[in-house]
Each structure stands twice: as C-alpha cells, then as structure tokens.
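Okay, structure first, notes after.
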Amino acid sequence: MADAFNFELVSPERLLVSEKVSEVVIPATLGEMTVLAQHAPTMTTIKPGVVSVKLASGQVNKYVVFGGFADILPESCTLLADAAILANDLTVDTLQHRIETAQADLGKATDDEHKTRLEQFLTDLTHLNGIVVAA
Amino acid sequence: MPSLKDLKNRIASVKATQKITKAMKMVAAAKLRRAQEAAEAARPYAQRMDKVLGSLAAANAGNAGAPLLLSGTGKDQVHLLIVATGERGLAGGFNSSIVRLARDHALKLIAQGKTVKILTVGRKGNDVLRRSFKDNIVHYITFREVKQLGFAQADEVAGKVLDMFNAGEFDVATLFFARFQSVIAQVATAQQIIPAKFEAAQATDTSSSALYEYEPSEEEILEELLPKNVAVQIFRALLENNASFYGAQMSAMDNATRNAGDMINKLTLSYNRQRQAQITKELIEIISGAEAL
C-alpha cells in the first residue's frame with residue numbers, strides 16, 4: 001500500500017509497536033489528531049488518552065498512553081509514551097491507582113503553574129476513566 | 001598435621017560452600033539474561049529521546065531564556081553526586097569500583113573548594129560512603145523491596161533530584177554507575193546529567209529540525225522533555241547497573257566455585273596421602289610384630 005508509514009510506540013521499558021500502519025489517532029495536548037502518511041514534520045506533546053492504530057492490513061489496535069510526546073515525519077511517526085498498555089489489558093484498578101497518585105502529587109504541589117498542569121493531568125485521567133469504564 | 005577426621009570435615013565444608021556458590025552463579029546467570037533484556041528493551045526510547053532532545057537543544061542552546069536544566073545555573077559551586085550501587089554484596093569488585101570512582105571525584109571536588117552533596121541509591125554504596133562522607137550524604141534511596149526494576153523507581157530518584165535542583169540546592173549533578181560492557185567487564189562510569197549534555201549534537205540535524213512544527217511551542221516541549229530526560233538517563237543507568245551487578249556476581253561466583261574445586265582437590269590429595277601413610281604404618285607395625293615373634 002502506497003500510503004502506509006512506519007509507526008513506533010515506545011515506552012521507557014520497551015518497544016511496544018513497530019509496524020507499517022495506514023492511520024494513527026494521537027491524543028495531542030492541543031486536541032486529538034489523526035496522522036496519515038506524508039504528514040508535515042511535527043513534534044507534539046500528548047496527554048493521557050487512547051491511541052488508535054490502524055494497521056496496513058486494516059486491523060485496528062488501541063493503546064492507552066499516559067502522557068509523552070510524538071515525533072511525526074512524512075515517512076514515520078514515533079510516539080514516546082511515559083507508560084503505555086494495550087487498551088484491553090487496562091483495568092480500572094491501575095487507572096484508579098494512577099488517579100490517586102496524581103491527587104497525592106497535587107496535594108504536594110506548591111507553585112501555581114505546576115498545580116495547573118497536575119490538575120489538567122488529573123482531568124484527563126478522570127476523563128479516560130469514564131471512557132474505559134463505559135466500554 | 002591435621003588428622004584424617006579433620007581433613008574429612010574440611011572437605012565436606014568446602015563442598016557445601018561450592019554448592020552454594022554454584023547455585024548463586026546459576027541464579028545470577030538467569031537474572032543477568034533478564035536484566036540484559038530489560039536494558040536492551042529500554043534502549044529505543046532513550047535513543048529517540050536523545051535524538052529529539054539533541055536537535056531541540058542545538059536549536060535552543062544560544063537562547064538566553066533556555067531552561068536551566070539545559071544551560072545550567074551558570075555556577076558550578078555545589079555538586080550533587082548520585083551514586084548508584086547494588087543492594088547486595090558478593091559481586092566481586094562491582095560495588096567498590098563504583099564507590100571508589102565516586103569517592104575520588106568527591107575528594108577532587110572538595111580539594112577544589114566545592115561543596116559536595118551525595119545521594120546514594122542502593123544499600124552497599126550507602127554503607128561504604130557513610131563512613132567517609134557522613135555529612136555530605138543528603139539522601140538515600142533503596143530498592144531493596146523492589147523485585148522488578150521499573151521506570152517508576154527511576155522516576156522516584158529523578159523526582160528527588162529535580163526537586164532539589166528546582167530548590168536551587170545544587171548546580172551540577174553527576175551520576176555514578178557501572179556501564180555494562182560484557183559479562184566479564186563492567187566499567188564504573190561518571191555521567192553528568194544536569195546541565196544536560198548530549199552525545200549526539202549533530203550539526204546536520206539543525207537544518208531538518210527547522211522544518212518542524214511544534215505543538216505547543218518549542219520552548220514548552222523542551223521544558224517538558226528535559227525533566228523526563230533526567231528520569232530516562234537515571235533509568236538507563238539503573239538498568240545498566242543491574243545487568244552489571246549480575247554480570248559481576250556471576251563471574252565472582254564462577255571464580256569462587258573454581259577455587260573451591262581446587263581446594264577440594266588439594267584437600268583430597270592430602271587426605272589420601274595421609275590415609276596411605278597410616279595404612280603403611282599399620283602394615284609395618286604388623287610385620288615388625290610378626291618378625292619379633
């Protein structure tokens with residue numbers, strides 16, 4: 001297929017995906033974006049959310065990521081996630097655990113900027129919790 | 001001259017020791033493979049992080065408003081040494097070589113009139129450094145209870161380091177760990193992590209990075225990535241350290257097993273000699289007794 005490109009999903013612990021894909025939906029900080037082949041070179045941070053990967057074969061895989069950033073080039077897309085798991089493997093417990101840690105961090109935060117960032121992170125996580133529980 | 005019974009006891013005890021060292025060697029070998037796999041699995045992330053940050057940093061290096069993590073505080077008065085060692089001993093020179101490197105570095109800095117603060121990760125290094133640098137150790141983190149080393153642990157260390165940096169408690173941070181070269185060679189290494197240094201600061205990349213679109217702005221991304229980079233560097237060091245530890249332990253235990261084998265051979269030889277001497281002595285006594293009749 002002409003419009004397939006390389007997609008890599010990497011977490012600090014391992015390389016999760018390295019495949020030819022036709023389409024990737026990324027939860028970027030400034031809103032969701034769909035990456036196709038020949039995308040303009042872009043670097044963006046991502047927020048906690050679901051990454052939807054459409055393989056060249058047409059199969060769709062979903063991954064849950066917890067923040068990170070993406071490096072997009074016309075012929076490839078690399079997503080460096082802080083933590084990533086297959087959406088099916090995600091349990092409510094792990095999410096809940098993360099929400100609690102984030103809340104604890106928020107309690108400790110002192111300066112406003114840091115606080116806002118953590119609050120945003122917490123909102124995203126709670127939002128994500130809504131999606132996963134509903135599914 | 002030890003008696004036959006003494007020799008027999010000693011052989012038995014050395015054999016028991018040999019069994020233990022052999023078992024430890026096997027366990028270390030199995031864990032080494034796992035640790036090596038983990039270190040290899042973490043490589044892609046670190047490499048890409050390096051590449052991205054390298055090009056971002058090259059573009060931002062001249063800016064006056066560049067983040068402190070990149071440009072430094074402009075001073076180098078207070079040094080933080082992060083010394084990562086193992087939780088356990090019985091690994092040959094593993095722990096002591098890291099500690100020695102850190103200690104030399106600390107002494108050199110102190111001689112230059114700098115202030116040295118030490119953060120120890122791992123029990124062994126902490127025990128040794130506490131003896132000579134009791135007042136310099138500001139924090140101690142142990143992963144004794146941790147079974148599988150994960151990114152969360154590195155994040156914990158990085159969080160502590162970044163908190164201290166943001167509070168202005170130090171200017172330069174250096175990380176000490178053992179780089180895993182092969183099963184028999186682990187090299188104690190010092191690596192400066194704050195202000196950040198990039199091995200791959202390619203001049204060619206700056207041209208391509210100019211074409212990038214940044215969402216949000218370049219500065220914001222850089223600001224978010226730099227703390228992450230500290231965690232990644234520490235994570236990589238911890239993984240390398242882990243692999244090195246098992247490598248060192250494996251070769252140390254291999255040596256110990258071989259030494260025990262040699263010792264058993266020697267002891268068995270003298271045991272047999274003595275037994276033969278005793279039999280000969282008894283025979284002589286019988287023969288001379290019979291002749292006397």
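The values are calculated or read from the model by the stated rules, or taken from the named source; none is laboratory data. None of these values were measured; they are calculated from a predicted model. Note that we place each Cβ from the backbone using ideal geometry, even for glycine, and neighbour counts take in every protein chain shown. Heads up: the accessible areas ignore ligands, DNA and RNA and are worked out on the full protein's heavy atoms, side chains in. Shrake-Rupley method; radii C 1.70, N 1.55, O 1.52, S 1.80 Å.
Note down the relative contact order for segment A:1-66 as a percent, whole number, built from C-alpha pairs under 8 angstrom at least six residues apart.
Once divided by the residue count of segment A:1-66, the mean separation gives 28 percent.
Computed on alpha carbon atoms, what radius of gyration and Dmax characterise segment B:154-293, expressed in Å?
Rg and Dmax of segment B:154-293, Cα atoms, are 32.4, 114 Å.
Classify the protein assembly as shown as rounded, prolate or oblate from the Cα gyration tensor: take a ≥ b ≥ c as the square roots of its eigenvalues, call it rounded if a/c is under 1.5, otherwise prolate when a/b beats b/c and oblate if not.
Taking the square roots of the gyration eigenvalues as a ≥ b ≥ c, the protein assembly as shown is prolate.
When a/c is below 1.5 the answer is rounded, else prolate if a/b is larger than b/c, else oblate, so apply that to chain B with a ≥ b ≥ c taken from the square roots of the Cα gyration tensor eigenvalues.
prolate
Report, for the protein assembly as shown, the % of DSSP beta bridges that are antiparallel, rounded to 5.
65 percent
Give me the percent relative contact order of chain A, please, defined on Cα pairs under 8 angstrom at least 6 residues apart.
21 percent
Quick one: ranking B:Ser244, B:Ser217 by accessible area, 1.4 Å probe, largest first, what do you get?
Output order, biggest surface exposure first: B:Ser217, B:Ser244.
Dipole magnitude of segment B:1-137 about its Cα centre, charges +1 at Lys/Arg Cβ and -1 at Asp/Glu Cβ only, in debye to the nearest 20?
Value, rounded to 20: 840 debye.
Per DSSP H run of n ≥ 4, the term is -39500 (n - 2.57); total these for chain B, divide by its residue number, and report the mean residue ellipticity at 222 nm rounded to 500 deg cm²/dmol.
Taken over chain B, the calculation gives -22000 deg cm²/dmol.
Carbon and sulfur atoms: what percent of the 1.4 Å accessible area of the protein assembly as shown do they account for?
That fraction is 53 percent.
At a probe radius of 1.4 Å, what is the per-residue accessible area of B:Thr268, in Å² to the nearest 10?
Surface accessible to solvent at B:Thr268 totals approximately 50 Å².
Distance between Cα centroids, segment B:1-61 to segment A:77-103: provide it in whole Å.
So the two Cα centres are separated by 31 Å.
At 0.36 nm per residue, minus the direct Cα-Cα distance, what do B:Gln148 and B:Gln112 gain on full extension? Give it in nm, one decimal, please.
9.0 nm
Please get the size of the charge dipole for chain B, origin at its Cα centre, with Cβ charges of +1 on Lys and Arg and -1 on Asp and Glu, quoted in debye to the nearest 20.
Dipole size: approximately 2000 debye.
Give me the percent relative contact order of chain B, please, defined on Cα pairs under 8 angstrom at least 6 residues apart.
So the answer I get is 32 percent.
Need one number: % antiparallel among DSSP beta bridges in chain B, to the nearest 5.
In chain B, DSSP labels about 35 percent of beta bridges as antiparallel.
Order B:Met49, A:Met33, most accessible first, counting only protein heavy atoms with a 1.4 angstrom probe.
Result of the area sort, largest leading: A:Met33, B:Met49.
Accessible area per residue for the protein assembly as shown in Å², computed with a 1.4 Å probe and the full protein assembly in place, what is it?
Heavy-atom accessible area per residue stands at 52 Å².
With a 1.4 Å probe and all protein chains kept in place, how do B:Lys5, A:Lys54, B:Lys15 rank by accessible area, largest first?
If we order B:Lys5, A:Lys54, B:Lys15 from most to least accessible, we get B:Lys5, B:Lys15, A:Lys54.
Taking the Cβ of B:Ile137 as the centre, find all other residues whose Cβ is under 9 Å away and add up their charges (Lys, Arg: +1; Asp, Glu: -1).
Here the charged neighbours net out to +2.
Between B:Gly74, B:Met49, B:Asn126, whose Cα lies farthest towards the positive end of the dipole of the protein assembly as shown when Lys and Arg beta carbons carry +1 and Asp and Glu beta carbons carry -1, centred on the Cα centre?
About the Cα centre, the residue reaching furthest to the positive side is B:Asn126.
If one takes the longest principal axis of the Cα atoms in chain A, at what angle in degrees, from 0 to 90 and to the nearest 10, does the Cα axis of helix A:112-134 lie?
Around 70 degrees separate the two axes.
With +1 on each Lys and Arg Cβ and -1 on each Asp and Glu Cβ, and nothing else charged, work out how big the dipole of the protein assembly as shown is about its Cα centre, in Debye to the nearest 20.
Using Cβ point charges on Lys, Arg, Asp and Glu, the protein assembly as shown gives about 3140 debye.
All other residues with a Cβ under 9 Å from the Cβ of A:Leu36 taken together, and with Lys, Arg as +1 and Asp, Glu as -1, what is their net charge?
-2
Per residue of A:95-105, count partner chain C-beta atoms within 10 Å of its C-beta, then hand back the mean as an integer.
So the per-residue partner count for this stretch is 0.
Sort segment A:1-63 into rounded, prolate or oblate with this rule: let a ≥ b ≥ c be the square roots of the eigenvalues of the Cα gyration tensor; rounded if a/c is under 1.5, and if a/c is not under 1.5, prolate when a/b is larger than b/c, oblate otherwise.
Oblate is the answer for segment A:1-63, as a/c is 1.5 or above yet b/c matches or exceeds a/b.
Considering only B:Ala260, B:Thr280, B:Leu162, whose Cα is most displaced toward the positive end of the charge dipole of segment B:154-293, charges sitting on Cβ of Lys, Arg (+1) and Asp, Glu (-1)?
It is B:Thr280.
Distance from the Cα centre of segment B:244-274 to that of segment B:162-197, in angstrom?
Taking the Cα centre of segment B:162-197 as reference, the centre of segment B:244-274 is 36 Å away.
For chain A, with the dipole built from +1 on Lys and Arg beta-carbon atoms and -1 on Asp and Glu ones, taken about the Cα centre, which of A:Ser52, A:Thr42, A:Phe69 lies farthest toward the positive end?
Positive-end residue among those listed: A:Ser52.
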